[in-house]
2 protein chains.
Amino acid sequence: MTTQQLVDQIWKKKSFLCIGLDVDLTKIPAYLLEEEDPIFEFNKRIIEATQHLAVAYKPNTAFYEAYGIKGWKSLEKTIQYLNTNYPEIFTIADAKRGDIGNTSAMYAKAFFEDMEFDSVTVAPYMGKDSVEPFLTFEGKHTIMLALTSNQGAFDFQTKSIEGKEVYKHVLETSKSWKHSENLMYVVGATKAEYFADIRKIVPNSFLLVPGVGAQGGNLQEVCKFGLTDQIGLLINSSRGIIYASNGTDFDTVAAKKAAELQRQMAVILDAKKV
Amino acid sequence: MTTQQLVDQIWKKKSFLCIGLDVDLTKIPAYLLEEEDPIFEFNKRIIEATQHLAVAYKPNTAFYEAYGIKGWKSLEKTIQYLNTNYPEIFTIADAKRGDIGNTSAMYAKAFFEDMEFDSVTVAPYMGKDSVEPFLTFEGKHTIMLALTSNQGAFDFQTKSIEGKEVYKHVLETSKSWKHSENLMYVVGATKAEYFADIRKIVPNSFLLVPGVGAQGGNLQEVCKFGLTDQIGLLINSSRGIIYASNGTDFDTVAAKKAAELQRQMAVILDAKKV
C-alpha cells in the first residue's frame, strides 16, 4: 500500500485510528473459548464491528506467539481475513524485530511476503544494516521505534548523546538510510510537546502513536503538535477498545469506543480542511 | 538451568561453544529437501554430530518464522529434541524481543514456559519494564543485546551518553533491575579490547559472543579479556559450522569445524586450570 492510499482512506473514513489486536485468552468473552479458533473469532468480530471506523489494524505478534502454533495460525488467518475483505485497510505486524542483515531479511520476508502485512515495527538498537533489509520492499512500510510510551523509554531513549536525545539521534540517523522514504516511526503519546521537536526532524513521516486512551485523553494535544498536511499520524488504541466489554456485546461496545475516538478525529480533520 | 550447571558442562566438555541453528533452506544439502521436515532433519543431524563438542544451541527465530507455521513447527521439534535427548545442553531462543511490560510477559511465556528454552535474547531499547518480565522466571536466563557484532553497532551503541558509550550505559543500568542476576549479555567479538572495559562493569556475567569464525579468528583475544573464573563466555558460531559443507557429509564436516574450535577452547581451559 502506498502512503497516498493510506491518506486517501483517512480522508474517506474521517479517521486515523489504528486498533491493536492484542488478544489475550484470559480477557476475551468466555463463551468465545468454545470456538475452534477463539483468537481469530474474536478478531473477526472486532474487525467487522469497527472496520468503518479504523484505517489500520495492528496485531502484536507476542500475543500470538504465546499460543505457539495455534496462535501463529490465528495470526495468519487474521491477516488473510483483512487482506481478503478489507484490502484498503493498512495492516501492521507489531513485532519490534531487528537483527543482523541476513536475519532481518528473513523477518522482512516473513511479514511482508508470506503474510502480506503492509508494515512491520522494528527496533533500532542494532542500527542501519539491521533495518535496511526491511526498507527494500516496495509498497511496504517499516515502523521504527523512536520514543515509546512506556516508563522504560526514559532509561535510554531520552538520554542525551552530545546534547541530543537518543531518540532524536535515531530519527536523524535513519533519514540517511537507503529507502528511508519507507520509514514510519513509533512515538508514544506520553508527552505531546515532544511532537513539536520530532516534527522538526521528520516533518512529513507517518507516526504510529500508542498511549492514547479510549477516552481520547491527549488526542487533541498530539494532533496540535503532530499533524501534518498529509495527516501523518496513526493513533493506536488496543485494550481501551477491544476489552471495553467482555460480554456478548464486546464487539458493539468496542465499536462504540472506536466511534468516540473517530468522532474526535473527524472534528480535527474537518477543522484542517477548512 | 542454573548458571552453575552450565559451568559444570563447560568443564566437562572442555568447551564453551554455542552453535547457531540458523537454517536457510537455500543453503542446506539439497537432498534433505525431500524429507518431510527438512529444517528439523538438518538440525537433528547437526546436533547428533556436534552435541559432545557444544554446550549450547541457539536457533535464531527469524529463520523459522520465515517459513510460517511449518517453520514454527520445526522450531518446536528442535527444542523438544534437545530437551528430551540432551537436557544438560543450554538452549537459547535468539529472538531479540522487547516490548511494553504485559507484552514482554507474553514473549517470556512463549519461550520459557511453552517451548522451554533456557534463555532468550532481548533488545534493550525500551528499557527496564520491557526486560524485567523476562527476569522473573527462575532458572531461566535473559540475554540482552549490549554490543552487537554488525556494522550498525556503531550507529547508536558506541555513541557517547555523558562520556559513556550507550552499550556501557545499557550494561550499567541493567544491573539495577530486579532479578538482574538472571541477565547475560550479547557482546560481539569485533573488537576484543572492548571486553576489558565490559568486564569492569559486569565482571561475572556470562557473555554470548557472536562474530568468531570457524577458524577461531580472535578467540584467544576475546578470552584474554573476557574470560572469568567461572568462564563467563559462550562463543557462538553459526554459518561457519553448519554450512561448512552442503554435501551428504555436512554433519561430519560441521563436527570437524566445531572440533577445531573446541580444541582451542580446551587449551584455553586447561591453561586456566593450572
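At 1.567 mPa s and 4 °C, plugging the Kirkwood radius over alpha-carbon pairs of the protein assembly as shown into Stokes-Einstein gives what diffusion coefficient in µm²/s?
Working: Rh = 24.0 Å.
Using the Kirkwood radius from Cα pairs, D works out to 54 µm²/s.
Can you list, shortest first in nanometers, how far B:Lys77 lies from the same residue in the other copies, with each label 7 Å from Cα toward Cβ?
Copy-to-copy label distances for B:Lys77: 2.3 nm.
Percent of accessible area on chain B owned by carbon and sulfur, 1.4 Å probe? Working shown, then result.
Details: 4950 of 9920 Å².
Answer for chain B is 50 percent, counting heavy atoms of protein chains only.
Rank A:Gly163, A:Gly188, A:Gly20 by mean-square fluctuation in a GNM of chain A with C-alpha springs under 10 angstrom and give only the top-ranked residue.
Highest fluctuation of the listed residues: A:Gly163.
Using only the alpha-carbon atoms of segment A:1-129 as identical scatterers, what base-10 log of I(q)/I(0) does the Debye formula give at q = 0.10, 0.14, 0.15 Å⁻¹?
Here the Debye-derived log intensity ratios amount to -0.34, -0.65, -0.74.
Under 8 Å for C-alpha pairs, at least 6 residues apart: give me the relative contact order for segment B:126-221, rounded to a whole percent.
Working: 112 pairs, mean separation 29.3, N = 96.
Rounded, it is 31 percent for segment B:126-221.
Non-local amide H neighbours of B:Leu234 (under 5 Å, H modeled in plane, Pro and chain starts lacking H): which ones?
Placed amide hydrogens put B:Leu207, B:Leu208, B:Val209 under 5 Å from B:Leu234.
Once you average over the residues of B:153-163, how many Cβ atoms of partner chains fall within 10 Å of each Cβ?
Averaged over the peptide's residues, the number is 5.
Using only Cα positions of segment A:86-163, each an equal point scatterer, no hydration layer, compute I(q)/I(0) via Debye at q = 0.28 Å⁻¹ and quote the log10 values to two decimals.
Normalising to I(0) and taking log10 leaves -1.29.
More than 17 angstrom separation, counting every C-alpha pair in segment B:113-237; what % is that? Please report the intermediate quantities before stating the final value.
Numbers: 4283 of 7750 pairs.
Tail of the P(r) past 17 Å holds 55 percent of the pairs.
Take the Cα of B:Glu36, step 7 Å along the line toward its Cβ, and report every residue of segment B:57-77 whose backbone nitrogen sits under 13 Å from that point.
B:74
Give me Rg/Rg_expected for segment B:3-273, where Rg uses Cα atoms only and Rg_expected = 2.2 N^0.38 Å with N residues. Walk me through the numbers on the way to the answer.
Values: Rg = 17.8 Å, N = 271, 2.2 N^0.38 = 18.5 Å.
Working it through for segment B:3-273, the quotient is 0.96.
How big is D, in µm² s⁻¹, for segment B:139-183 by Stokes-Einstein at 25 °C and 0.890 mPa s if Rh is the Kirkwood radius over C-alpha pairs?
Values: Rh = 11.4 Å.
Answer, rounded: 214 µm²/s.
Counting every Cα pair in segment B:1-53, what percent are over 18 Å apart?
Working: 629 of 1378 pairs.
Of all Cα-Cα pairs in segment B:1-53, 46 percent lie more than 18 Å apart.
Using each residue's phi in segment B:184-195, evaluate 6.51 cos²θ - 1.76 cosθ + 1.60 at θ = phi - 60° and report the 3J(HN,Hα) Karplus result to the nearest Hz, with x for Gly and Pro.
10, 9, 8, 9, x, 8, 3, 10, 4, 5, 4, 4
Determine the alpha carbon to alpha carbon distance for each of A:Lys77/B:Lys96; A:Lys109/A:Lys224; A:Lys224/B:Lys96; A:Lys128/B:Lys58; A:Lys70/B:Lys96; A:Lys128/A:Lys164 and list only those over 30 Å.
Numbers: A:Lys77/B:Lys96 25 Å; A:Lys109/A:Lys224 37 Å; A:Lys224/B:Lys96 35 Å; A:Lys128/B:Lys58 24 Å; A:Lys70/B:Lys96 22 Å; A:Lys128/A:Lys164 19 Å.
Table pairs above 30 Å Cα-Cα are A:Lys109/A:Lys224; A:Lys224/B:Lys96.
How big is the B-A contact in terms of buried accessible area, both chains counted, 1.4 Å probe, rounded to the nearest 100 Å²?
Details: alone 12310 and 12340 Å², together 19860 Å².
Interface between B and A: roughly 4800 Å².
In whole Å, how far is the Cα centre of segment B:36-102 from that of segment A:205-255?
38 Å
What's the magnitude of the charge dipole for the protein assembly as shown around its Cα centre, counting Lys and Arg as +1 and Asp and Glu as -1 at the beta-carbon? Answer in Debye, nearest 20.
Numbers: 60 positive and 68 negative charges, 265 e Å.
That gives a dipole near 1280 debye.
The values are calculated or read from the model by the stated rules, or taken from the named source; none is laboratory data. These numbers were taken from a predicted model, which means no experiment stands behind them. Because the Cβ atoms are built from the backbone with ideal geometry, glycine has one as well, and the counts that use them run over all protein chains shown. Please note that ligands, DNA and RNA were not included when accessible areas were found on the heavy atoms of the full protein model with its side chains. Shrake-Rupley method; radii C 1.70, N 1.55, O 1.52, S 1.80 Å.
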